[in-house]
């Protein structure tokens, strides 16, 4: 239940609802969408990326002197877990065609396609369980231009406009052109898309879409896709070996500068294993658990940007790592689910963001960065937010409108996960609005790739959230689910093709020593060791006692991670 | 309305509304984590409480938002003989609760080729014959943290009603609690995944417009438009973008 002091504000929301319902029933936007100038003003004034300390130049590596998100620069200016002389590379513990790092949607797609198209064997090495990934959590849907009023090129224009025209054109083309084929691929694997009576795919709007092209599986879209892909991966144990709780901690190169596998670390036994692979795919996802600028996150437990730092040490260039996506609608209250994702499909279905007086202050379907910045502005500048008992702030997202617009039972049928999340705390979202605030959601940039998922390093491929260039500096809703499918499949195709031809040379970890030297030469002083692997949520006093254990326990619980988390979260 | 497992729905305590509490003023309650006593915040989730106690969870946390099923938990309450089940990320602690997370539920997934199966009872018989051991005790349904009618979908599977299994198991997060509690040792979530795949593969209504669109892409129908759009300057694209109509 909402605390009593919010009753007055809730009363105002109910009071303005009939008029807003009338607006929503008309074809015109319920609030004027912003012009290019208005968009720029709200971004520069209120988006967290534009705060003075949000970015700083990185002092080492391929993007040296480029201004990056501060936490990312910290992550890159760090020590490896390993020194080259510690690891015996003469006799690898495992050999395979493809090593796929990350067991989310991109990784599973890559393994399946490399097998089906090229007969290649894969190892999927994943930090937690296969499927412990942001892929599993996407609620609202996947964009694909499948309806008759839409086209892939129309999808192209929406995506590139949403990304402020900075997206790499060849990647956006691959995304939008492969979209319909991906829908079919997944359907043939057994994904149950939401359909209309006649079998046509049900399509909805998302932020920044000019045609309805959001496909869904209730609000368990990612879960449905991910479980289908995982099930199919597990149907091929002879071709795809899954190594759970075995994150990669460094890439292995050969003496010709090609990627040749990785060193894995077993979270169970604390052993290191070497994998020699003809080609390597990084599909490690994003970095929400670094809690950039102290924000809550929608991300899964292992989203700590591991792939970025491994690839960077090996010499791969990053792109747009100065841009962070804050999802406009994270939960602000109840405290226990603060930061959780409230799917954008709620706004796609007619939900409206409102200030404490129950008034609209932004078009509900602006691209994400614009919508998020407008919500922050409403709270920070206009005093339009509602403060929670723990001191968070939020605006209302009026969900009861949805059943009024689409008929009773619609929310129950299409948003069962959302309903469950709130009813645990006595909030029935068909009767009461949700209190929301932007939440750290997505890594817009990443390791730069081309349309074949190739990087600067031969033999190293990247797919999904870990990659950069596709979304420019702002991703639209539903384009990440499509991303991990399109580029996961492409990574499997091209890494598989490459693996057929390559003859690897002598294995090497010399790049780690070179990077360490570069840190020293640049005068970087840090005790940070990465990849981070897991965040720590222990209270401060516990963390202080954990400091005494030194650096010989699980990575996530040690000095270094604590420091990172404390500094970033402002805890 | 979507049902929620009994024992999960709770209101926040009124004291939440006091406002401005600092962490040190949090009301703490005693609970037992794997047999060891801790004081944890009264309004914490089980996952929050375990982390408050200083544990670094490795097995037992995934999405942390109720989608991935990594955090299956068993618990008992004082003066209550029942074994309760929940997802640690979604269930609140209670005074005197004694709990353990379940790191993994052993279960054998059947290996199959979806192209070789038929969407009827034969697939269930071949791949998950244990389903027919169901004694209709309803323990699975009672143990489901999602509030799903698990036994009903097991019964539907016995009848070969794949569409009903799909519908009733749609929101399953594969936490494994039902199969852990099942006296007939059925692996309900795994059977549910197969049934959903059979539905999607064979029983769906096909979308004619999807087939047309896939064909159009393959025949290069959009090549010319892409060739026009891709080299466009930022200014030209911007003009086109802001002038586009919306459906």
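A short reminder: the numbers here are calculations on the coordinates, not readings from a lab. These figures come from a predicted structure and were not determined experimentally. Neighbour counts are summed over all protein chains in view; Cβ atoms, including those assigned to glycine, are modelled from backbone coordinates with ideal geometry.
Can you compute the FRET efficiency between residue B:185 and residue B:235 using 1/(1 + (r/R0)^6), with r the Cβ-Cβ distance and R0 = 60 Å? Round to the nearest 0.05.
After rounding to 0.05, the efficiency reads 0.35.
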- Note on the structure: Whole-Å distance linking the alpha carbon centroid of region B:46-70 with that of region A:238-283 is 26 Å
- Task: Take each of the peptides B:217-228, A:107-118, average the number of other beta-carbon atoms within 10 Å over its residues, and list them starting from the highest.
- Result: A:107-118, B:217-228
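Taking the Kirkwood radius as the inverse of the mean 1/r across Cα pairs, report the Rg/Rh of region A:1-132.
Numbers: Rg = 26.0 Å, Rh = 21.9 Å.
Taking Rh as the inverse mean 1/r over Cα pairs, Rg/Rh reads 1.19.
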- Just need log10 I(q)/I(0) for region A:355-403 at q = 0.16, 0.21, 0.23, 0.29 Å⁻¹, Debye formula, equal scatterers on the alpha-carbon atoms, no solvent, rounded to two decimals. -0.46, -0.77, -0.89, -1.18
- Message: With a cut-off of 8 Å between alpha carbons and a minimum separation of six or more residues, what is the relative contact order of region B:114-203 in percent?
- Response: 36 percent
- Message: What whole-number distance in Å separates the alpha-carbon centres of region A:461-498 and region A:7-68?
- Response: 26 Å
- Task: Using only the Cα atoms of region A:124-216, each taken as one equal point scatterer with no solvent, compute I(q) by the Debye sum, divide by I(0), and report log10 of the ratio at q = 0.17 Å⁻¹.
- Result: -0.83
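When DSSP assigns beta bridges and you keep just the ones with both residues in the protein assembly as shown, what percent turn out antiparallel, to the nearest 5? Show your work: numbers first, answer last.
On the way: 54 of 80 bridges.
Looking only at bridges with both residues in the protein assembly as shown, the antiparallel portion is about 70 percent.
Over chain B, calculate the relative contact order: mean separation of alpha carbon pairs under 8 Å at least 6 apart, over the residue count, as a percent. The partial results should precede the final answer.
Working: 333 pairs, mean separation 39.7, N = 247.
After rounding, I find 16 percent.
Kirkwood Rh and Cα-based Rg: tell me the resulting Rg over Rh for region A:391-524, rounded to two decimals. Could the numbers behind the result be given before it?
Values: Rg = 23.1 Å, Rh = 19.5 Å.
Over the Cα atoms of region A:391-524, Rg/Rh equals 1.18.
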- Query: Rg to Rh ratio, the protein assembly as shown, alpha-carbon atoms and Kirkwood radius?
  - Reply: 0.94
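Please compute the contact order of chain A in relative form: average sequence separation of alpha-carbon pairs under 8 Å and at least six residues apart, divided by the residue count, as a percent.
On the way: 1357 pairs, mean separation 135.9, N = 571.
Result for chain A is 24 percent.
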- Item | Residues A:471, A:300, B:84 arranged by fewest to most Cβ contacts within 10 Å | B:84, A:300, A:471
- Note on the structure: If one compares the long axis through the Cα atoms of helix A:105-118 with the longest principal axis of the Cα atoms of chain A, the angle in degrees, nearest 10, works out at 50 degrees
- Query: So what's the angle, to the nearest 10 degrees on a 0 to 90 scale, between helix A:510-521 and the longest Cα principal axis of chain A?
  - Reply: 70 degrees
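Just to verify a number: FRET efficiency for residue A:82 and residue A:506, C-beta to C-beta distance, R0 = 25 Å, to 0.05?
Values: r = 18 Å, r/R0 = 0.70.
Once the sixth-power term is evaluated, E becomes 0.90.
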- Message: Normalised by the empirical 2.2 N^0.38 Å for globular proteins, what value does the Cα Rg of region B:148-222 take?
- Response: 1.50
- When all C-alpha to C-alpha distances in region B:66-202 are sorted into bins of 10 Å, what percent of pairs does each bin hold, rounded to whole numbers? 12, 43, 31, 11, 3, 0
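Given region A:234-344, what whole percent of its Cα pairs are spread farther than 18 Å? Don't skip to the end; give the middle numbers.
Numbers: 3788 of 6105 pairs.
In whole percent, the long-distance tail amounts to 62.
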- Message: Can you tell me what percent of all Cα-Cα pairs in chain B are more than 30 Å apart?
- Response: 48 percent
- Note on the structure: region A:194-247: spread of alpha-carbon positions along the three principal axes, whole Å, largest first, is 42, 28, 17
- Query: With each label point set 7 Å from Cα along the Cα-Cβ vector, what nm distance links residue A:380 and residue A:406?
  - Reply: 3.3 nm
- Angle in degrees between helix A:559-569 and the longest Cα principal axis of chain A, rounded to the nearest 10: 20 degrees
